[in-house]
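Taking it in order: structure first as structure tokens, then the write-up.
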Amino acid sequence: MTVALPAPESVLPAPVLVVEDEPLLQQRLRGVLLALGYAPDALLFAATLAEARAGLAQQPVALALVDLQLPDGNGCDLIAQLRADDPGLGILVVSAWSSEDAILGALRAGATGYVLKERDDVEVQLSIRSVLRGGAPIDPFIARRILQLLPAPAPAAAGAAPAEALSEREGEILRLVADGLSNREIAEQLFLSRYTVESHVKRIYRKLAVSSRMGAVSAARTRGWLG
Amino acid sequence: MRRLVLWLALWLLAWPAAWADGMEAVACAPRIVSAQAARSADGARPVQGWERVTLPDRWGRRWPGYSGTVWYRIDWERADCAPAALGLGIDGIGSAGEVFINEDLLWRDASLAEPLSRSWNVPRWWLLPASTLRAGTNTVWVRVVSVAALSSGLVGTLRLGDAADVARAQEQAQWRQRTVYFVNAVLAGMAAALFLLVWGLRRQERAYGWFALMSLCWLAYLSTYLADTPWPFADSLDRARASLVALVGYVLCACLFTFRFGAQRLPWAERALWLLAALGAAAAWWAPQGAESAWFAAIWRGAMAVFLLNGLQFQWHAWRPGRGVAQRLLALCWLVLVAVALFTLGLVPDVWHVARNWAALSGIATIVLVMLLLGGQLAQQMRSAERFQRELEARVAEARAELAHAVAREHAQALDNAKLQERMQIAHDLHDGLGGSLVRGMALLEQAGGQLPGERVLSLLKTLRDDLRQVIDHGSSAGATVPATPVQWAAPLRHRVTRILDEMGVASEWRIAAQWRGPVEEGGCPSALQCLLLTRLVEEALSNVIKHSQARRVCVECALPLPGVFVVRVEDDGRGFDVDAVQRAGLSVGMRSMAARAERMGAVFQVASSAGGTAVSVVLRMPPGRPGSEHAESGASPFQQSASSY
């Protein structure tokens, strides 16, 4: 691999939890993380959900890379647990041949972004760095689905809009993402900083998670599971 | 007990008094002393030729063949104790006449010359004016005008007595002689109209037609009893002939109706009936002068005999086992009429009385027949309608079940078919895409003879991975549709590549047409498979740029310069490479797979490279008229490679 990326950031959040059952891919992710500048002792590996939970019980983590298909269950449950414990935690899904719905499900559970295992190391590295910077990786397909799922931005009375409705700016960003523009291009087009764009995306993900929780609550209420 | 005895004693005492009252009333009533009749040639009251008669009187037997005027003289005695208001009632004068009390005219028919008024069946009564009455003997004079063939004379009952009694009696006579016939005539008319209508709507119901005709004939015959002038005939005799013809018609129709209703097949009897009817009608119409009375009576008897015979033969037919209720009811109806006729003949050997009773009964008979016919028919039709509805429901349910079954079967078949096709499609895609890459990779490894560096092998495997991804993407529903715009088509690739290029500090520019030129069928946009293949091709081109070119700028252009042409061009300002050398060495996995993909989608693939940069272009021709989900034919145009200065 001849691709050379700029030097990584100086301060890296540690420790990092990697939940991955395949040893070879564990090894690959270890390589990627080490290339980013992590020390070997800052990396925690778990092959199952149970192992991950046991590790979490001993110490909190600052970043999590989670596979969805694990021997003892779906990674989404772990993601929801992590998100509940730490609202600011960066959670990246590193998934195999996952369906669109599985990815969306992970995002709704609280993941900060996702990357497919089949991608080259460079792309995996990019996604991890994006999360480390406090951003949230997003791609056109996800942007389009979110535009369909969340309520459209309210035109004038923004204060009266429900909490999970998209703001006008968020809708704008999603449409640009859907057209394939990168965060840099979006930032240039909207005269924003790249960081602002990423924090917008993060907020959109949060709204997606909130809307799914509210949807679950209202669905439970209509079915009579709640009072 | 004592009270009872007392009541009994009182009653015994009172009884002679009541008896004495009755005796007194009888004693005080007017007493008819004598009734006499005399012919009058000029119509004036005759002086001589008076003969004693008993009332009511028909002169046909006394003076056969006599037509003209006859005077009747009824002498009666008025008692001193007679009631103040005395009444005179006559139940019929055949055929027209006038009535005097002593010398004063009481009443006169409208016409005493041909066409004669018809009063033979009209009961009338008058209050005798007290001023004209004398003590002792008084006389009622009745002048009667008639013709020989009719029932002539003072044919109705004559009543003389207390006006109230006479009025009461006349009221009963009115009911018996007029109202009953009128009611019957109305019923017959209604039945005739109703069944004519039914028969008109359903000609095959012959029985209804004959019943309607029978009712019409009966109506015509009943007019004999009700009409007060001979209209529309010229004189009384013609009227009588017409009545007889109507009667003959009635009997004929009744017989034919019976045959049809009972489904009896008696062609000989029918022919005989028609003949008899024709003979009867002709005889009635052309009966010789002077002998009309005898002829009429003979025709009447004949008609009645036929009617009775028919009624009896139908009994034999209808009461055999297996006949319907309607037929038995009709038989019962005829039986009643026959019984009444025979009974009446037994009491009074006079056909006219039979006619009277029949006329009275015919109304009830008509109603029974109508109810029988209509009710039976209605019930039968309702039954058959219900049966039809039940059958229909069953059939519909059956058909629905069959249809549901067939649809389910077809659906299952279609599903299996679709599954099979999809599997074959996946197999085909695997063979064409992944299989081709595998064969190429194996060839490459064989030719290298174990000298291939690890990096090459990795690149080979990545190509295989990408091909597998392509097959999977195309198999999933999202990959099977054409993106809405070129921008959306390029979006995923653009997103991924730009991210990497941004990180590498490579400037990227994307010039993408905003819209397609139209649907796949019109050649306005590529098919779904072409979209995927093109994505892979451009992805590989960009991947080469990222890995090998060391470019500072990349430009991707997607344009639709002409209808049916889609051009994708990737340019970089990198170090370039020797296209011919690479081609000769046969070592570039990426280049080969790009060419293979272009060939598969039928596109022209060109690579131009120099020290100043590289340009990869794909020109896809999209002829109109292709189906939307069609897969591009392979080998439509050979891939070309050319090296030129750039």
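The values are calculated or read from the model by the stated rules, or taken from the named source; none is laboratory data. Treat the numbers as computed from the prediction; the structure is a model and nothing was measured. When we count neighbours, we look across all protein chains shown, and the Cβ atoms used for this are built from the backbone with ideal geometry, even at glycine. Surface areas here come from the heavy atoms of the whole protein model, side chains and all, with no ligands, DNA or RNA. Shrake-Rupley method; radii C 1.70, N 1.55, O 1.52, S 1.80 Å.
Structure notes:
- Spacing of the modelled spin labels on A:ARG184 and A:ASP77, each 7 Å from Cα toward Cβ, amounts to 4.2 nm.
- Magnitude of the charge dipole for the protein assembly as shown, about its Cα centre and with charges confined to Cβ atoms of Lys, Arg (+1) and Asp, Glu (-1), is about 3380 debye.
- In the protein assembly as shown, the DSSP beta bridges split such that about 75 percent are antiparallel, to the nearest 5.
- Distance between modelled label sites at A:LEU24 and B:GLU386, nm, 7 Å Cα→Cβ extension: 8.1
- Surface accessible to a 1.4 Å probe, A:THR112 within the full protein complex, Å²: 10
- Think of the protein assembly as shown as having a plus end and a minus end, set by charges on the Cβ of Lys, Arg, Asp and Glu; of A:LEU126, B:LEU197, B:ALA242, B:ALA242 sits farthest toward the positive end of this dipole.
- Placed amide H near A:VAL93: partners under 5 Å, 5+ positions off or other chain: A:VAL66, A:THR112, A:GLY113, A:TYR114, A:VAL115
- Shown for chain B: cysteine residues without a partner Cβ closer than 4.7 Å, namely B:CYS217, B:CYS253, B:CYS255, B:CYS333, B:CYS525, B:CYS531, B:CYS555, B:CYS558.
- Sequentially through region A:132-138, phi angles give Karplus couplings (6.51, -1.76, 1.60; θ = phi - 60°) of 4, 6, x, x, 9, x, 9 Hz, Gly and Pro residues having no value and appearing as x.
- Here r is the Cβ-Cβ distance between B:GLN204 and B:ALA291 and R0 is 45 Å; the resulting FRET efficiency, rounded to 0.05, is 0.50.
- Applying a DSSP loop filter and a limit of 13 other Cβ atoms within 10 Å to the trypsin sites (Lys or Arg not before Pro) in region B:151-226 leaves B:ARG202, B:ARG203.
- Placing pseudo-labels 7 Å out from each Cα toward the beta carbon at B:ASP104 and A:GLN58 gives an inter-label distance of 15.0 nm.
- Between helix B:267-285 and chain B there is an angle of about 50 degrees, using the helix long axis and the longest principal axis of the Cα atoms.
- Pairing chain B with chain A buries about 2400 Å² of accessible area. This figure sums both sides and uses a 1.4 Å probe.
- The count of lysine pairs in the protein assembly as shown with alpha-carbon distances below 25 Å, taking only pairs 8 or more places apart or on different chains, stands at 4.
- Cβ-Cβ FRET estimate between A:PHE191 and B:THR485, R0 fixed at 35 Å, reported to 0.05: 0.90
- Within chain B, DSSP assigns beta bridges of which about 90% are antiparallel (rounded to the nearest 5).
- Gyration tensor (alpha-carbon) shape descriptor, region B:252-345, a/c threshold 1.5: oblate
- Residue-wise HN-Hα coupling along region B:505-512, computed from phi with Karplus coefficients 6.51, -1.76, 1.60 (Hz; x: Gly, Pro): x, 9, 6, 10, 10, 10, 10, 10
- Potential lengthening of the chain between B:GLN421 and B:LEU312 amounts to 30.8 nm, from the contour at 0.36 nm per residue minus the alpha-carbon distance.
- Of the trypsin sites (Lys or Arg not before Pro) found in region B:221-318, the ones in coil according to DSSP and having at most 12 other Cβ atoms within 10 Å of their Cβ are B:ARG265.
- Per the Kirkwood formula applied to alpha carbons, region B:398-539 shows a radius of gyration over Rh ratio, Rg over Rh, of 1.14.
- Integer Hz, Karplus 6.51/-1.76/1.60 couplings in order for region B:37-54, x for Gly and Pro: 9, 8, 6, 9, 6, 9, x, 6, 5, x, 8, 10, x, 6, 10, 6, 9, 10
- For region A:13-62 versus region B:48-124, the spacing of their alpha-carbon centroids is 142 Å.
- Compared with its chain on its own, region A:62-100 contains the following residues whose accessible area drops by 20 Å² or more in the full protein assembly (probe 1.4 Å; ligands, DNA and RNA excluded): A:TRP97, A:GLU100.
- Here the gap between B:TRP268 and B:ALA305, fully extended at 0.36 nm per residue and compared with their Cα-Cα distance, gives a gain of 11.5 nm.
- The calculated FRET efficiency for the pair B:ALA130 and B:ALA44, based on their C-beta separation and a Förster distance of 25 Å, comes to about 0.35.
- Surrounding net charge for B:ALA603, when Lys and Arg each add one and Asp and Glu each subtract one, Cβ distance under 11 Å: +2
- Relative counts (whole %) of C-alpha pair distances in chain B, using bins that are 10 Å wide: 3, 11, 14, 10, 7, 5, 4, 3, 4, 5, 6, 7, 7, 6, 4, 2, 0, 0
- Relative to its residue count, region B:540-590 spans a Cα convex hull of 103 Å³ per residue.
- Using 0.36 nm per residue and subtracting the Cα-Cα separation, the extra length available between B:ALA408 and B:LEU445 on full extension is 8.0 nm.
- With respect to chain B, whose longest principal axis is taken over its alpha-carbon atoms, helix B:180-201 is tilted by about 30°.
- Taking a ≥ b ≥ c as the square roots of the Cα gyration tensor eigenvalues, region B:210-284 comes out oblate, since a/c reaches at least 1.5 and a/b does not exceed b/c.
- Helix B:292-318 axis, angle to chain B major axis (alpha carbon atoms, nearest 10°): 40
- Heavy-atom accessible surface of chain B: percent carbon and sulfur, 1.4 Å: 62
- Accessible surface, per residue, of region B:25-117 when the full set of protein chains is kept, probe 1.4 Å, Å²: 48
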